[in-house]
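A quick write-up on the structure given underneath.
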Amino acid sequence: MPEREQPKAQKTVIARPQQDAQGILAERARLLARPPEKKTASGETLEVMTFHLGTEYIGIPTEGVHEIQPLSAHNWSRVPCAPDFIVGIVNLRSRIYSIMDLTVFWGLPSRPPSDNAHILLVKGGRQKMELTLLTDDLDKVCHLRIDDLNPTPPTVSAKVQSHVRGVTADMMMVLDLESLLSDPNIIVCEGE
């Protein structure tokens, strides 16, 4: 009787590519699920939310933004005798916050709130200030390399320069939120 040839184990050949593919996909999923790195080979990055204030293009670090709401979704009220840069107050989850218009605070021309206006609840500064900033719209969230920020041009007023970290190549001013929220001029004192 001739010897029988042993069948080849094809299961391992078929299963191995599937296991490899599963491993590759699992590794890709793990890498994609990681939060973005704070450091890159060329320097530290900053995540900013971009918006417009009149003709100005602004970026604000997302780490200081705690909530975003369309202004039209809320009943808000003007406050008599408040400084011009305080547009009003708004109730967010049973807490009252001032609505600050940065353009007026910086001495730029005021404008009425747009249909796309949003308020950004921001927190920070030396006194742990909490308020909402009025924006004309919201654009996008992007990552910037801090090394790529240019100094604020000298044509920008000193008041604005004191609250700006730098300017990108496309002329977006990146806010220094800690500096802004630490500015004693945003505190409204009774009797002043």
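The values are calculated or read from the model by the stated rules, or taken from the named source; none is laboratory data. Predicted, not measured: the structure shown is a model, and the values here were computed from it. Virtual Cβ from ideal backbone geometry, glycine too; neighbours counted across all protein chains shown.
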Consider the stretch 143-155. How many of its residues are free of Cβ contacts under 8 Å to residues at least 60 places away in the same chain and surrounded by 15 or more Cβ atoms within 10 Å (Cβ to Cβ)? 2
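Listed residues SER114, SER72; which is more than 19 Å from the chain's Cα centre (by Cα), at pLDDT below 90 and among the polar types (S, T, N, Q)? First the steps, then the outcome.
Details: SER72 fails: at pLDDT below 90.
Result of the check over SER114, SER72: SER114.
How about the stretch 148-192: which of its residues are β-branched (Val, Ile, Thr) and in a loop (DSSP other than H, G, I, E, B)?
Kept after step one, since they are β-branched (Val, Ile, Thr), are these residues of the stretch 148-192: 152, 155-156, 160, 164, 167-168, 174, 186-188.
THR152, THR155, VAL156, THR168, ILE187, VAL188 - these are the residues of the stretch 148-192 that are β-branched (Val, Ile, Thr) and in a loop (DSSP other than H, G, I, E, B).
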Can you name every residue in the stretch 118-128 that is modelled with pLDDT of 90 or more and either buried (at least 20 other Cβ atoms within 10 Å of the Cβ) or assigned to a loop (DSSP other than H, G, I, E, B) (or both)? HIS118, ILE119, LEU120, VAL122
Looking only at the stretch 59-117, which residues are without any contact (Cβ under 8 Å) to a residue 40 or more places away in the chain, surrounded by 12 or more Cβ atoms within 10 Å (Cβ to Cβ) and aliphatic (A, V, I, L, M)? VAL79, ILE89, ILE99, VAL104
Say whether the condition of being at pLDDT 90 or above, in contact with a strand residue (DSSP E or B) (Cβ under 8 Å, 6 or more places away or on another chain) and in a strand (DSSP E or B) is met by at least one residue in the stretch 99-109. yes
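Determine, yes or no, whether LYS140 is exposed (fewer than 13 other Cβ atoms within 10 Å of the Cβ) and either touching an Asp or Glu at 6+ places or on another chain (Cβ under 9 Å) or of a type outside the set (Gly, Ala, Ser) (or both).
Values: exposed (fewer than 13 other Cβ atoms within 10 Å of the Cβ): yes; either touching an Asp or Glu at 6+ places or on another chain (Cβ under 9 Å) or of a type outside the set (Gly, Ala, Ser) (or both): yes.
For LYS140, the condition - exposed (fewer than 13 other Cβ atoms within 10 Å of the Cβ) and either touching an Asp or Glu at 6+ places or on another chain (Cβ under 9 Å) or of a type outside the set (Gly, Ala, Ser) (or both) - is met.
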